[in-house]
Ligand SMILES: C[S@@+](CC[C@H](N)C(=O)[O-])C[C@H]1O[C@@H](n2cnc3c(N)ncnc32)[C@H](O)[C@@H]1O
């Protein structure tokens, strides 16, 4: 699998309103995200999913959005401020080898890994960090782009997540990529 990182300028394309015609973040995530939840989102880009999640968690909830690229985070912050959602979203800069979320240990209700795992050099370490951050029974929602990730490579990612302590519990409806719902055992 290629580990090329999405260039920051493609982030603008990823937040295009036209994308909602194929993939509606609020509708797709509503079955998993409830008011007051803590949601961890590695690789949010400019926040196509983040703003919808911030609305779903409400004023008592929190989204921790962790990206490698400062330009993605800066744009996400501006978009969140314009939408009046900035206080629900905590942005963090990841290091290439770690998300830096050890402080969330067992606190997150849901984690999102939406179109990011194929960019990572160490998926096993990534799934391990997310597993530690989730509450027991918490869900990791995984989606990968069909164009970049073959069915076999996607299966290998799911197997890596299973070795990190997740149970696969079906597909994720409403996404155009290859998907899985993974539950922390
Ligand atoms: C293809 S974009 C997807 C963005 C968003 N999830 C979406 O679907 O619109 C992948 C994002 O993952 C980020 N990323 C890549 N490697 C990362 C890492 N090691 N830690 C955190 N974020 C990373 C990239 O900077 C980019 O913003």
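The values are calculated or read from the model by the stated rules, or taken from the named source; none is laboratory data. Remember, predicted model here, so these are calculated numbers, not experimental data. Every residue, glycine as well, gets a Cβ built from its backbone with ideal geometry; the counts of neighbours run over all protein chains shown.
The set of residues in segment 62-71 that are within 12 Å of the ligand (Cβ to nearest atom) and either surrounded by 20 or more Cβ atoms within 10 Å (Cβ to Cβ) or not in a loop (DSSP other than H, G, I, E, B) (or both) comprises 64, 65, 66, 67, 70, 71. Residues that are touching a strand residue (DSSP E or B) at 6+ places or on another chain (Cβ under 8 Å) and within 16 Å of the ligand (Cβ to nearest atom) number at least 2 in the following strands (runs of 3 or more DSSP E) confined to segment 72-185: 89-93, 108-114, 134-144, 178-184.
If you check residue 22 against the conditions, is it more than 11 Å from the ligand (Cβ to nearest atom) and closer than 21 Å to residue 144 by Cα? Judged against the criteria, residue 22 is a match.
Being at pLDDT 95 or above and touching a strand residue (DSSP E or B) at 6+ places or on another chain (Cβ under 9 Å) is a description that applies to residue 36. Filtering segment 1-30 to residues that are touching a residue at least 24 places away in the same chain (Cβ under 8 Å), within 20 Å of residue 86 (Cα to Cα) and exposed (fewer than 14 other Cβ atoms within 10 Å of the Cβ) leaves only 12.
Pairs only if they're at least six apart or on different chains, beta carbon under 6 angstrom, first in segment 157-185 and without any contact (Cβ under 8 Å) to a residue 12 or more places away in the chain, second assigned to a strand (DSSP E or B) and surrounded by 18 or more Cβ atoms within 10 Å (Cβ to Cβ); list them, first residue then second. Final answer for the pair search is 170/181; 171/179. Test residue 46 against the criterion of being in a helix (DSSP H, G or I) and within 9 Å of the ligand (Cβ to nearest atom), and give yes or no. It is false that residue 46 is in a helix (DSSP H, G or I) and within 9 Å of the ligand (Cβ to nearest atom). Being in contact (Cβ under 8 Å) with a residue 24 or more places away in the chain, within 13 Å of the ligand (Cβ to nearest atom) and assigned to a loop (DSSP other than H, G, I, E, B), is that true of even one residue in segment 31-40? The answer is no; no qualifying residue exists. Take residue 46 and tell me if it is farther than 23 Å from residue 149 by Cβ and within 16 Å of the chain's Cα centre (by Cα). No; evaluated as a whole, the condition is false for this residue.
Looking only at residues of segment 4-19 that are assigned to a loop (DSSP other than H, G, I, E, B) and in contact with a helix residue (DSSP H, G or I) (Cβ under 6 Å, 6 or more places away or on another chain), we find that the one that is farthest from the ligand (Cβ to nearest atom) is 8. In summary, residue 59 fulfils each of the numbered conditions (1) near the ligand (Cβ under 9 Å from one of its atoms); (2) not in a strand (DSSP E or B) with the single exception of condition (1).
When you look at residue 53, is it under 21 Å from residue 133 (Cβ atoms), within 13 Å of the ligand (Cβ to nearest atom), in a helix (DSSP H, G or I) and in contact with a strand residue (DSSP E or B) (Cβ under 6 Å, 6 or more places away or on another chain), yes or no? Against the criterion (under 21 Å from residue 133 (Cβ atoms), within 13 Å of the ligand (Cβ to nearest atom), in a helix (DSSP H, G or I) and in contact with a strand residue (DSSP E or B) (Cβ under 6 Å, 6 or more places away or on another chain)), residue 53 qualifies.
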